[in-house]
Amino acid sequence: MPQHPTTRQRVARAGLRTLAAAGATALVLVAAPGWPHVTVDPGTATQGGYIALSLRVPTESDSASTTKVQVFLPQDHPLASVSVRPHPGWQAKVVTRKLDTPLTTDDGQVTEGVYSITWTPDSPQDALKPGEYDDFDISVGPLPDVSTLSFKTLQTYSDGTVVRW
């Protein structure tokens, strides 16, 4: 029987996907003790700036592979620019949606934002096997002037199990 993360582990991962304000101009990645298997690099960012985020995805099942990773970007504080770094062996599908309130940038108004990004392997051989991990990278910005940003994530295993981060 596959061993999947406990509710506590899943909640812990969700907390690691949160950026928190450390001051008026700096955003810091929250990393609590006891959750070393999830990291984001770099650990700090400047509000108003751009940052490359690496979402580290471990396969924690003993018998099933990771076959899909879906990240939902914050809709309460949308990001004007989101870029996906190509990931060999995996395809990324970006879903956009119309913003409730357009964002004003140096280049004009942005009326549509990224809602989600879904990565799927090109073949079963490219899936993340038990005991493996990989990093999925995005670049986002400018970072809003808020205290937190949450990136909810779903991980799907080859046996159909879905883990919520």
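What follows is calculated from the coordinates using simple rules that are stated; it is not laboratory data. Remember, it's a predicted structure, so these values are computed and weren't measured experimentally. Heads up, the Cβs are rebuilt from the backbone with ideal geometry, glycines too, and the neighbour counts pull from every protein chain shown.
Numbers below:
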item: C-alpha center-to-center spacing [the range 101-165, the range 45-62] in angstrom; result: 9 Å
item: Cα→Cβ-extended label distance, 7 Å offset, between V95 and T161, nm; result: 2.4 nm
item: Using alpha carbons only: equivalent-ellipsoid semi-axes of the range 51-165, gyration tensor based, whole Å; result: 29, 13, 12
item: Net +/- balance of residues flanking V114 in space, Cβ distance below 13 Å, scoring K and R +1, D and E -1; result: +2
